[in-house]
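The values are calculated or read from the model by the stated rules, or taken from the named source; none is laboratory data. Remember, it's a predicted structure, so these values are computed and weren't measured experimentally. Methodologically, a virtual Cβ is constructed for each residue, glycine included, from the backbone with ideal geometry; neighbour enumeration extends over all protein chains shown. With ligands, DNA and RNA removed, areas are computed over all heavy atoms of the protein, side chains included. Shrake-Rupley method; radii C 1.70, N 1.55, O 1.52, S 1.80 Å.
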Amino acid sequence: MKKLLTLATIMLPSALAAPVTTVPADLFHPTPAKVEDLCKKAQTTAADTSLNALTRRVQQVNDGGTADIIFDGGVGGVNVQLQGVGVSAYNICAGRTTRLEAMPSTADLLAASPVLVYINGSVPELANVRTWRAVLVLLGPDGKELARLTPSSASLGEPNYWKASCSGGRCVWRGGNVYRFTPASPFDTVLPAGSKLRVLATFGQGVQQLDLGVK
């Protein structure tokens, strides 16, 4: 099967959405019908010549094709975003539309769509962000850890995702790291009622523990 690439768009914090405190139960395991619907919406939005960059972004939000902010450090601070399998599928379909490529089958699309965590911010030295980490933890209704999922791959401080902004002889790097999680048992199914998804993230300020209810 030809490898399908996910568009890992680094999204800066904005007024588009406040940090969420819950995740959908199908974050790791959307139905084929839901993925097909997201793909169709992605194709329509990506092909619409009447949209400029801003209105296209707004439509993408309306389509349900964007990651959720789960931690916002404010202006100039770090923010953490979580992207489910459905949104990754949306981005694949949007990218294939703009590149005039054929759409994958729904099965291939599901297989190629990871869960993503983005850690975005600004740093004086790019080497700093190569130590940033993210892990996903599934908690039972009693709060006990049931399983832990580590990234299958990550982009740490890569030039594709970080750009230097220089003034007065000093530079600041702005961008983000991308952590890709391949759903594996028990993360490869609908999350059970009463459970929580914990995102653990480190970015030079201790360990951020972000607990998200399952809805």
For the stretch 159-189, how many residues meet the condition of being among the hydroxyl-bearing types (Ser, Thr, Tyr), more than 18 Å from residue 201 (Cβ to Cβ) and touching a Ser or Thr at 6+ places or on another chain (Cβ under 9 Å)? 2
With the requirement that a residue be open to solvent by 10 Å² or more (accessible area, probe 1.4 Å) and farther than 26 Å from residue 189 by Cα, what does the stretch 65-87 give you? 72, 73, 74, 75, 76, 77, 78
Tell me, please, whether a residue that is assigned to a helix (DSSP H, G or I), of a type in the set (D, E, K, R), at pLDDT 95 or above and closer than 30 Å to residue 122 by Cβ can be found in the stretch 29-38. no
Residue list for the stretch 121-131, restricted to those being open to solvent by 30 Å² or more (accessible area, probe 1.4 Å) and in contact (Cβ under 8 Å) with a residue 60 or more places away in the chain: 128, 131
Tell me the residue from 18, 107, 46 that is modelled with pLDDT under 95, more than 19 Å from residue 178 (Cβ to Cβ) and of a type outside the set (S, T, N, Q), please. 18
Name every residue in the stretch 182-202 that is open to solvent by less than 70 Å² (accessible area, probe 1.4 Å), over 19 Å from residue 134 (Cα atoms) and in contact with a strand residue (DSSP E or B) (Cβ under 8 Å, 6 or more places away or on another chain), in order of residue number. 191, 192, 194, 195
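Conditions (1) at pLDDT 95 or above; (2) crowded, with 20+ Cβ neighbours inside 10 Å; (3) out of contact with any Pro (no Cβ under 8 Å at 6 or more places or on another chain), marked per residue:
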residue	(1), (2), (3)
119	yes, yes, yes
133	yes, no, yes
137	yes, no, yes
142	no, no, yes
145	yes, no, yes
171	no, no, no
180	yes, no, no
204	no, no, yes
209	yes, no, yes
Could you check, for the stretch 88-101, whether at least one of its residues is closer than 18 Å to residue 45 by Cβ, of a type in the set (A, V, I, L, M, F, W, C), assigned to a loop (DSSP other than H, G, I, E, B) and open to solvent by 30 Å² or more (accessible area, probe 1.4 Å)? yes
Output the number of the condition that residue 162 fails; it satisfies all remaining conditions of (1) under 22 Å from residue 199 (Cβ atoms); (2) of a type in the set (A, V, I, L, M, F, W, C); (3) open to solvent by 60 Å² or more (accessible area, probe 1.4 Å). (3)
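Conditions tested, residue by residue: (1) loosely packed, with under 15 Cβ neighbours inside 10 Å; (2) in contact with a strand residue (DSSP E or B) (Cβ under 6 Å, 6 or more places away or on another chain); (3) of a type in the set (D, E, K, R); (4) within 22 Å of residue 101 (Cβ to Cβ).
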residue: 24; (1), (2), (3), (4): no, no, no, no
residue: 32; (1), (2), (3), (4): yes, no, no, yes
residue: 35; (1), (2), (3), (4): no, no, no, yes
residue: 47; (1), (2), (3), (4): yes, no, no, yes
residue: 50; (1), (2), (3), (4): yes, no, no, no
residue: 55; (1), (2), (3), (4): yes, no, no, no
residue: 60; (1), (2), (3), (4): no, no, no, yes
residue: 63; (1), (2), (3), (4): no, no, yes, yes
Just give me the residues in the stretch 32-61 being among the β-branched types (Val, Ile, Thr) and in contact with a helix residue (DSSP H, G or I) (Cβ under 9 Å, 6 or more places away or on another chain), in sequence order. 35, 44, 45
Could you pull out the residue among 59, 83 that is without any contact (Cβ under 8 Å) to a residue 60 or more places away in the chain, of a type outside the set (Lys, Arg) and within 18 Å of residue 200 (Cβ to Cβ)? 83
